[in-house]
């Protein structure tokens with residue numbers, strides 16, 4: 001154990017099998033009764049050789065017969081296992097079989113080794129010499145013995161009759177009624193005749209796992225490759241012609257500040273699109289005062305659009321999302337013209353003010369409820385159904401005050417209240433819709449407005465980019481983008497030729513206005529990721545229409561700039577993604 005590396009190299013020991021340099025006492029590893037301690041698997045070594053120094057068998061220590069010290073097991077192997085063990089020697093089953101038949105060996109020779117429990121045992125010397133090859137006794141004792149056979153005759157015959165084979169089944173059958181004898185013989189085989197384990201690296205199981213890994217790697221590489229192909233933008237961006245379709249620009253508001261709201265509304269007002277054919281439809285989700293604001297969000301919105309502060313419309317009833325009494329809500333409707341940078345755009349502001357019973361968070365029902373107000377209104381316009389008082393007032397303001405029949409509107413662009421939309425984005429999105437009449441939903445590229453604020457925002461830039469130009473661009477090839485972000489997307493209200501309702505169909509309104517959120521799955525769908533679930537419902541109810549992504553339309557939005565807010569956002573996104581993908585898996589015609 002204290003030999004230096006130079007000595008090992010000089011004796012050509014590295015990489016060699018040195019088992020013979022450490023002789024073992026056979027009676028210690030084969031605990032059979034009355035086993036002659038003189039029996040050995042190797043002869044006496046020459047004095048003072050390396051083998052002699054490690055030879056502590058019976059011939060040198062006769063006192064070991066009765067409770068002696070097992071040097072090989074308790075000294076040598078303990079140190080080797082604790083400090084130098086690296087693994088097991090593996091032998092290919094084909095080699096075991098071929099050498100068992102004598103293939104590759106000198107003429108007339110064969111190797112008597114077999115496999116038991118995926119372990120290889122070699123009894124060649126034992127069988128050819130009819131027992132232990134050597135009888136090693138102290139100098140004063142006789143080296144002769146009447147029998148060198150110490151293994152059961154059945155074990156001897158198993159290895160002699162089935163060389164190179166797996167005899168596990170025969171082994172257990174032979175010792176079926178003698179478990180003690182089986183344990184003793186297996187211990188003896190392990191201690192004296194063990195070669196190694198069966199090499200399974202070329203087995204079917206390993207090859208199958210390798211090919212599965214290879215197939216998965218090829219599939220992933222192919223997907224990434226096709227995603228890059230989908231992201232390629234060959235040629236220059238063409239300028240679309242100006243269109244005259246009537247558009248709803250829907251902006252749900254909650255606790256945003258004046259600066260963000262003003263930036264969003266002014267960006268929508270100054271879009272390169274006919275002002276008379278776009279309508280700002282702003283919905284304030286309750287009488288809520290955001291952190292850092294000096295007045296409630298509805299008041300901020302009304303001040304930005306220039307509404308008369310002395311005008312206070314009557315609160316009107318409508319059906320809202322919620323449980324029990326929360327399903328009844330009141331709202332006020334404001335309308336007028338919003339002037340910004342030379343543009344004059346009509347607007348509708350719906351303020352959810354709540355019932356007199358509400359003391360805190362009056363009127364607040366969530367973003368999904370704000371979207372449902374718009375969807376339910378156009379559903380009733382499309383099917384000419386009875387309306388609630390609030391919906392009647394909205395209809396009156398659009399048709400009689402603004403002067404446009406609500407049935408004329410064909411598209412709804414949804415924008416968050418902290419999003420800046422590029423001037424040409426609306427016209428480009430409408431161009432995509434007109435180019436493909438089967439297109440029912442579309443999203444553009446979302447960029448970061450605060451990308452250099454903190455390192456938290458910096459790490460999100462690339463993630464935002466690849467999520468659009470790789471993931472969404474790849475899904476867009478198949479017309480099935482699984483998530484149209486609520487911060488910047490467009491939906492078709494009805495099909496152009498057939499007048500078939502899409503976003504405002506009965507099934508869409510029914511499923512998206514689900515009140516009974518009684519499972520964790522529904523909570524993740526309806527409360528944590530309503531935008532993604534709206535996309536899922538569109539794919540579910542209109543499988544023959546398309547959802548696509550266009551990189552020509554762009555917007556900017558603020559990303560989380562602190563670690564806690566980022567974690568909260570991604571936790572919601574991940575939960576929503578998983579549960580929406582579960583919904584998509586079971587769609588028959590996705």
| query | What number goes with the only condition from (1) out of contact with any helix residue (DSSP H, G or I) (no Cβ under 6 Å at 6 or more places or on another chain); (2) in a helix (DSSP H, G or I); (3) buried (at least 16 other Cβ atoms within 10 Å of the Cβ) that residue 259 does not pass? | reply | (3)
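Go through the residues of region 109-127 one by one and say whether even a single one is surrounded by 11 or more Cβ atoms within 10 Å (Cβ to Cβ), in contact with a strand residue (DSSP E or B) (Cβ under 9 Å, 6 or more places away or on another chain) and more than 24 Å from residue 173 (Cα to Cα).
Within region 109-127, the subset surrounded by 11 or more Cβ atoms within 10 Å (Cβ to Cβ) is 109-127.
Okay, now just the ones that are also in contact with a strand residue (DSSP E or B) (Cβ under 9 Å, 6 or more places away or on another chain), so 111-116, 118-124.
Cutting the leftovers down to more than 24 Å from residue 173 (Cα to Cα) gives us none.
Checking region 109-127: not a single residue is surrounded by 11 or more Cβ atoms within 10 Å (Cβ to Cβ), in contact with a strand residue (DSSP E or B) (Cβ under 9 Å, 6 or more places away or on another chain) and more than 24 Å from residue 173 (Cα to Cα).
Tell me, which residue of region 216-243 that is touching a helix residue (DSSP H, G or I) at 6+ places or on another chain (Cβ under 6 Å) and outside any helix (DSSP H, G or I) is nearest to residue 467 (Cα to Cα)?
Going through the qualifying residues, I end up with 240.
What helices (runs of 4 or more DSSP H), lying completely within region 498-590, carry at least 1 residues that are touching a helix residue (DSSP H, G or I) at 6+ places or on another chain (Cβ under 7 Å), surrounded by 14 or more Cβ atoms within 10 Å (Cβ to Cβ) and at pLDDT below 90?
520-526, 530-541, 563-585
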| field | Of the criteria (1) loosely packed, with under 14 Cβ neighbours inside 10 Å; (2) over 33 Å from the mean Cα position of the chain (by Cα), which one residue 194 fails | value | (1)
| request: Residue by residue through region 383-424, note down the ones that are assigned to a helix (DSSP H, G or I) and either surrounded by fewer than 19 Cβ atoms within 10 Å (Cβ to Cβ) or assigned by TED's automatic domain parsing to the domain that holds residue 501 (or both). | output: 383, 389, 392, 395, 396, 399, 400, 401, 402, 407, 408
| message | If I filter region 51-59 for residues that are more than 23 Å from residue 123 (Cβ to Cβ), modelled with pLDDT of 80 or more and part of a helix (DSSP H, G or I), do I get at least one hit? | response | yes
| helices (runs of 4 or more DSSP H) wholly in region 140-215 with at least 2 residues that are at pLDDT 90 or above and over 21 Å from residue 31 (Cα atoms) - which ones? | 153-161, 168-174
| task | Might you let me know whether region 345-356 holds any residue that is free of Cβ contacts under 8 Å to residues at least 40 places away in the same chain and in a loop (DSSP other than H, G, I, E, B)? | result | yes
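Every residue, every condition in (1) outside the structural domain of residue 546 (by TED's automatic domain parsing); (2) within 23 Å of residue 534 (Cβ to Cβ); (3) surrounded by fewer than 18 Cβ atoms within 10 Å (Cβ to Cβ); (4) touching a residue at least 60 places away in the same chain (Cβ under 8 Å), yes or no:
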position	(1), (2), (3), (4)
451	no, no, yes, yes
465	no, no, yes, no
471	no, yes, yes, yes
478	no, yes, yes, no
481	no, yes, no, yes
485	no, yes, no, no
| surrounded by fewer than 21 Cβ atoms within 10 Å (Cβ to Cβ), touching a helix residue (DSSP H, G or I) at 6+ places or on another chain (Cβ under 9 Å) and not assigned by TED's automatic domain parsing to the domain that holds residue 527: does that describe residue 330? | no
| Among the candidates 317, 236, 222, residue that is surrounded by fewer than 18 Cβ atoms within 10 Å (Cβ to Cβ), at pLDDT 85 or above and not assigned by TED's automatic domain parsing to the domain that holds residue 375 | 222
| said: touching a helix residue (DSSP H, G or I) at 6+ places or on another chain (Cβ under 7 Å), over 26 Å from residue 349 (Cβ atoms), assigned to a strand (DSSP E or B) and at pLDDT 90 or above: is that true of residue 440 in this structure? | reply: yes
| field | Residue within region 14-27 that is crowded, with 18+ Cβ neighbours inside 10 Å, within 18 Å of residue 185 (Cβ to Cβ), modelled with pLDDT of 80 or more and out of contact with any strand residue (DSSP E or B) (no Cβ under 9 Å at 6 or more places or on another chain) present | value | no
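If I filter region 443-486 down to residues being out of contact with any helix residue (DSSP H, G or I) (no Cβ under 8 Å at 6 or more places or on another chain) and in a loop (DSSP other than H, G, I, E, B), which single residue comes out as farthest from residue 552 (Cα to Cα)?
454
The values are calculated or read from the model by the stated rules, or taken from the named source; none is laboratory data. Just so you know, these numbers come straight off a predicted model, no measurement behind them. FYI the Cβ positions are ideal-geometry reconstructions off the backbone, even for glycines, and counts take in every protein chain you see.
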